[in-house]
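A short worksheet on the structure shown next.
The values are calculated or read from the model by the stated rules, or taken from the named source; none is laboratory data. Since the model is a prediction, treat every value here as computed from it, not as a measurement. Note that we place each Cβ from the backbone using ideal geometry, even for glycine, and neighbour counts take in every protein chain shown.
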Amino acid sequence: MTMFDKKWFRYMMAIILFLLIVFLLSKNQFLLTPFLIVIKTIFLPFVVAGILYYICRPLVAWLENKKAPRWLAILAAYAAIVLFVFGVIKLVGPVINDQLEHFVANLPAMASATTDAIKYVQENWTTFPNFVQDALIKANAELESRIHSNAGNIANGIFGVFGIIGGFINTLFYLVLVPFILFYMLKDGHRLAPNVVSFFSQSKKEHVKKILHEIDKTISTYIQGQILVSVIVGVLLYIGYLIIGLNYSLVLAVFGMFTNVIPFLGPYIAVVPAFFVALFQDPIMALYVAIVMFVAQQIEGNIVSPNIMGKTLNIHPLTIIVLILSAGNLMGIIGIIFVIPAYSIVKVLVLNFVRIVKLNN
């Protein structure tokens, strides 16, 4: 057997060839520009449709098991989405609207209280210890630096108002494209795995089928589990905020529900507005908010997530922190949200690749 016939040599040559292609493309980025534009345009609609697909798929499968035609099951899934959105708008929308109006009406009072606090600090500056004065000076300098550095961004944001028409057109585009993509995902999604498997030889078909099944299970578990966990956390926060009597409890709980989809950082982001609202309402309320958030996270981390998510993802907390920090620096909030499922898919591919190599050896 020559060196060219050895598997390790072929794998090494494939990796070198792949890296060479990546290097050449990086030096000729103009070749990728059209593809990047297309991907950027359809990325969000496909992501939204994919999330809805994994939400609707259990209902479609259940109706098909009850002998309903696939087209009827898909229509039922669409009807369920419309009814859910209508119900949320009808039941929760007015309460959120009232709380937001009340919050906007109280903004002048909050601003006045903040001004009074700043005035008090200025008038009693010399009574503070030296380390407190140093910390305040550094914080003020940092704030001024950030304001100056972001002045251009602020101006761009002001001029960005003129892009409202473009944003409206994009919204209409998504409203049309997402249901269209979702329909074909629900209609033909079950054919994807067999079509992919058909491209491989008979000896590799079982391996490919297993890998696709594990990837599908990983994505399904993450999306369905994360949505359910976030809803439960939102309900727990709402109940806790009602018990302690926090203002704008529903708005803050909904905000906490949405931020919970951000791995690791979500709970800390959720508590910030609740903490500040509590400070303006009653300083002791901030302590109650911290207790509510702590209890909700303990219930979520020790009871809810283990029973819903199970051990499908099974990622060490330290790995999650490293992934989030890296993805946040590279791609911002989008990277933070998608890094965990992306890592889980890569993990499935690597583990199966190692398993196949061991079997062949």
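List every residue pair whose Cβ atoms lie under 8 Å apart, where the two residues are 6 or more positions apart in sequence or sit on different chains, the first residue falls within the range 340-361 and is more than 23 Å from VAL322 (Cα to Cα), and the second residue, located anywhere, is surrounded by fewer than 12 Cβ atoms within 10 Å (Cβ to Cβ) and not hydrophobic (A, V, I, L, M, F, W, C).
Taking only residues 6 or more apart or on different chains, the pairs are VAL357/LYS7; ASN360/LYS7.
Taking the condition of being more than 19 Å from ILE303 (Cβ to Cβ) and surrounded by fewer than 18 Cβ atoms within 10 Å (Cβ to Cβ), how many residues in the range 220-234 meet it?
1
Take MET13 and tell me if it is more than 28 Å from VAL178 (Cα to Cα), modelled with pLDDT under 85, over 32 Å from the mean Cα position of the chain (by Cα) and assigned to a helix (DSSP H, G or I).
Yes.
Can you find a residue that is out of contact with any Gly (no Cβ under 9 Å at 6 or more places or on another chain), at pLDDT 85 or above, in a helix (DSSP H, G or I) and over 30 Å from ILE321 (Cα atoms) anywhere in the range 211-223?
There is no residue in the range 211-223 that is out of contact with any Gly (no Cβ under 9 Å at 6 or more places or on another chain), at pLDDT 85 or above, in a helix (DSSP H, G or I) and over 30 Å from ILE321 (Cα atoms).
Say whether the condition of being loosely packed, with under 10 Cβ neighbours inside 10 Å, polar (S, T, N, Q) and either farther than 30 Å from VAL357 by Cα or modelled with pLDDT of 85 or more (or both) is met by at least one residue in the range 60-69.
Yes: the range 60-69 contains one or more residues that are loosely packed, with under 10 Cβ neighbours inside 10 Å, polar (S, T, N, Q) and either farther than 30 Å from VAL357 by Cα or modelled with pLDDT of 85 or more (or both).
Taking the condition of being closer than 17 Å to LEU59 by Cβ and not aromatic (Phe, Trp, Tyr), how many residues in the range 81-100 meet it?
Here the count works out to 5.
For SER220, are the conditions met, namely being over 21 Å from VAL88 (Cα atoms) and of a type in the set (S, T, N, Q)?
Answer is yes for this residue.
Which one of the conditions (1) surrounded by fewer than 16 Cβ atoms within 10 Å (Cβ to Cβ); (2) among the small types (Gly, Ala, Ser); (3) closer than 24 Å to SER326 by Cα does GLY245 fail to meet, given that it meets all the rest?
(3)
Checking the structure you have, find out if any residue of the range 344-356 is at pLDDT 80 or above and in contact with a Phe, Trp or Tyr (Cβ under 7 Å, 6 or more places away or on another chain).
Checked against the condition, which is being at pLDDT 80 or above and in contact with a Phe, Trp or Tyr (Cβ under 7 Å, 6 or more places away or on another chain), the range 344-356 yields at least one hit.
Could you please let me know if PHE264 is of a type in the set (Phe, Trp, Tyr) and touching a helix residue (DSSP H, G or I) at 6+ places or on another chain (Cβ under 6 Å)?
yes
Is the range 232-245 home to any residue that is in a helix (DSSP H, G or I), within 30 Å of VAL350 (Cα to Cα), under 18 Å from the mean Cα position of the chain (by Cα) and touching a residue at least 40 places away in the same chain (Cβ under 8 Å)?
Taking the range 232-245 and keeping what is in a helix (DSSP H, G or I), we get 232-244.
From what's left, within 30 Å of VAL350 (Cα to Cα): none.
No, the conditions are met nowhere in the range 232-245.
Within the range 249-263, can you find the residues that are under 11 Å from the mean Cα position of the chain (by Cα) and farther than 11 Å from VAL233 by Cβ?
ILE262, PRO263
Do we find a residue being buried (at least 19 other Cβ atoms within 10 Å of the Cβ) and not in a helix (DSSP H, G or I) anywhere in the range 254-261?
Yes.
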